[in-house]
Amino acid sequence: MKLNKRAQWKILPPAPDEYLNASDLSPLVAQLLYNRGVKPEEIAPFLSADRRLEGNPLLLPDISQAVSRVYKAVLSREKIGVYGDFDVDGVTATVILAEGLSWLGAEVIPYIPDRFNEGHGLKISALEKLQAQGADLVITVDCGVTDLVEVKQAQEMGIDVIITDHHIPLGSLPQAIAVIDPKRKDSVYPYPDLAGAGVAFKFLQALFHKDSREKWLSRLMDLVVLATVTDLVTLVGENRYLVKEGLRELNNSSRVGIQEMVKLTGLKQGELDAKDISWVLGPRLNAAGRMDNASTSYQLLTTQSPKEARLLVLELEKKNVERQKLTNEVLSRAREKLAARLHLPVLMEGDESYSIGVIGLVAGKLAAEFYKPTIIISLGSELCQGSCRSIPEFDVVAALEKCHDLLTAFGGHPLAAGFTVTRQNLAQLEERIITLATDQLGHLDLRPEIVIDAELPLSTFSGETFNLMQRLSPFGRGNPQPTFLSRQVEVIECRNFGNQGEWLRLKLKHGNITWQAVDFESRRTREEIPSHIDIVYNLEKSRWNGEEVLGLNLRDFAPAQLR
């Protein structure tokens, strides 16, 4: 059933001599910086990832109104509701703002909605609960910018609303006291791609501006990095600084919940990096909101009891195992049902059995597998919830905006979004989305693209070259791990491994040097591997027989081209 479309290899052009000579860096490191669009005058702050990359929080839209209203609430002893979201970004942002406001002396009521009973965004029933607990002011984190109707109703109820969000606004903004979103069209903030937790943190910076307690904010950076890495925002500009400083704080975190999670997962405090967040910590924190209620993750990040932390970590571990099992079940069923529709430019599939907690994960896996925009829908008797994952050629939020008359709610980013639609509008929505995708994608040869930094012999990577390249870390969206192409590589050994033998472990030779390599992508058997191949790969350090070795992580390969 797999399309098996071979990826396009796009080798980036060499940097001009004037760029290579603009710094005292090695030609390879300079090439990598050139490939990432770093201008000569930006090289030093990019590599150091220091405070020169910090944005001034007072440049955020509506920030002065928001600061004034919070201080009025603190002085008047009003209760402040902090309304979050149930993923890692939303949970950490809620903790960040709740803790920061409490340092100002505010009485805070945190509220994280339930994915299954409430869904994303502001809900009137939740606002009524907060009002019943005495909240006169509600501050959103990681949500709210598209909730025009709910904000207006809150206003009519006598609740003031401040929105902090990082999602793309609609054509008009909610009528709130303040709408702090660096993605607003009128925003002059230099770094629009902050995570929701990043926006919440910048709001606190504005609140603590020139306050002697401003230094306390560094304690929250461990939460900022968890959100920034897990939410897959671009790791350029200010996010580089937030991740670098955040990793430092994370590795020294005083939060017993983080300490217990690191211990249980076999990681080592003091050696945590962005990859550990992406593959280990982030999925576990997300598992609570996917399988049940995100309050487990909130409690873990705020508890001061080691005993409670251990119990919460074990609960998250259990939920994560359940999440993996459920994801695989839904993925298998959706893949099977889509078999007859792979010719369509967009893949849409819904079922009553699909849990809304994993439909986003399933959509992401299918979008990557077939390189097509994918929408997976959990069907309800009246309302259906959809999760979309897309490709660069198709802005899924723009598509949903063209279908807004059919939707109850929607929001997100160009590559990842969600929506709610009535069952009766679902067929019409599918028809319109397919038409939009056909118009935009029908004439394109859709194939994934692997961007290659340089074509080099493997002998290039002897000595200190790898360590020099690590100066570009942390890697992520916008600053990908360096990718290289080497040709005419000899395959000395090859064997399958993994639960079903779906991965490859290879021993490769190029010139007089041999390398260990792994292939998690191609799903080919060793019998399918020719004796000489052209390889596209990342360099990675891993543990091998108890010691750290440098190896190759193959992104793609093909039979060697005779040149």
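The values are calculated or read from the model by the stated rules, or taken from the named source; none is laboratory data. Please read all numbers here as calculations on a predicted model, not as lab measurements. When we count neighbours, we look across all protein chains shown, and the Cβ atoms used for this are built from the backbone with ideal geometry, even at glycine.
Confirm whether PHE497 is touching a Gly at 6+ places or on another chain (Cβ under 9 Å), more than 16 Å from TRP9 (Cβ to Cβ) and surrounded by fewer than 17 Cβ atoms within 10 Å (Cβ to Cβ). Here the answer is no, as PHE497 does not meet what is asked. Restricting the first member to the range 323-346 and to residues that are outside any helix (DSSP H, G or I), and the second to residues that are among the aromatic types (Phe, Trp, Tyr), the beta-carbon pairs closer than 8 Å and six or more apart or on different chains are LEU342/PHE370; VAL346/PHE394.
Among the residues of the range 434-444, the one identified as surrounded by fewer than 16 Cβ atoms within 10 Å (Cβ to Cβ), under 15 Å from LEU347 (Cβ atoms) and not β-branched (Val, Ile, Thr) is GLY442. The numbered conditions (1) over 21 Å from the mean Cα position of the chain (by Cα); (2) at pLDDT 95 or above; (3) buried (at least 16 other Cβ atoms within 10 Å of the Cβ) are all true for GLU431 except (3). Residues of the range 193-244 that are among the hydrophobic types (A, V, I, L, M, F, W, C) and touching a Lys or Arg at 6+ places or on another chain (Cβ under 8 Å): LEU194, MET221, LEU232, VAL233, LEU235, VAL236. The single residue among ASP85, ASP89 that is surrounded by 21 or more Cβ atoms within 10 Å (Cβ to Cβ), assigned to a helix (DSSP H, G or I), acidic (Asp, Glu) and in contact (Cβ under 8 Å) with a residue 60 or more places away in the chain turns out to be ASP89. The single residue among ILE159, ILE180, ILE163, ILE139 that is buried (at least 23 other Cβ atoms within 10 Å of the Cβ), under 26 Å from THR420 (Cα atoms), out of contact with any Phe, Trp or Tyr (no Cβ under 9 Å at 6 or more places or on another chain) and not polar (S, T, N, Q) turns out to be ILE163. I'm told ASN467 meets every condition in (1) within 30 Å of LEU25 (Cα to Cα); (2) surrounded by 15 or more Cβ atoms within 10 Å (Cβ to Cβ) except one. Can you identify the failing condition by its number? ASN467 satisfies all of (1) within 30 Å of LEU25 (Cα to Cα); (2) surrounded by 15 or more Cβ atoms within 10 Å (Cβ to Cβ) except (2). Residue count for the range 418-475 under the criterion of being among the basic types (Lys, Arg) and out of contact with any Leu (no Cβ under 9 Å at 6 or more places or on another chain): the result is 1. Based on this model, can you work out whether LEU485 counts as out of contact with any helix residue (DSSP H, G or I) (no Cβ under 6 Å at 6 or more places or on another chain), among the aliphatic types (A, V, I, L, M) and within 18 Å of GLU449 (Cα to Cα)? Yes, satisfied. Could you tell me whether the range 400-421 includes any residue that is over 25 Å from ASP165 (Cβ atoms), in contact with a helix residue (DSSP H, G or I) (Cβ under 8 Å, 6 or more places away or on another chain) and surrounded by fewer than 19 Cβ atoms within 10 Å (Cβ to Cβ)? Within the range 400-421 (the criterion being over 25 Å from ASP165 (Cβ atoms), in contact with a helix residue (DSSP H, G or I) (Cβ under 8 Å, 6 or more places away or on another chain) and surrounded by fewer than 19 Cβ atoms within 10 Å (Cβ to Cβ)), the answer is no, since none of the residues qualifies.
Do we find that VAL88 is within 30 Å of SER353 (Cα to Cα) and of a type in the set (Val, Ile, Thr) in this structure? It is true that VAL88 is within 30 Å of SER353 (Cα to Cα) and of a type in the set (Val, Ile, Thr). Would you mind finding the one in GLU521, GLU540 that is part of a loop (DSSP other than H, G, I, E, B) and either at pLDDT 90 or above or under 29 Å from the mean Cα position of the chain (by Cα) (or both)? Residue meeting the stated conditions: GLU521.
Here ARG310 fulfils each of the conditions (1) outside the structural domain of MET261 (by TED's automatic domain parsing); (2) over 22 Å from ALA417 (Cβ atoms); (3) surrounded by 15 or more Cβ atoms within 10 Å (Cβ to Cβ) apart from (1). Residues considered: LEU383, LEU347, LEU338. Of these, the only one that is surrounded by 21 or more Cβ atoms within 10 Å (Cβ to Cβ), over 20 Å from ASP87 (Cβ atoms) and in contact with a strand residue (DSSP E or B) (Cβ under 7 Å, 6 or more places away or on another chain) is LEU347. Checking the stated criteria, LEU3 turns out to be of a type outside the set (Lys, Arg), modelled with pLDDT under 95 and exposed (fewer than 13 other Cβ atoms within 10 Å of the Cβ).
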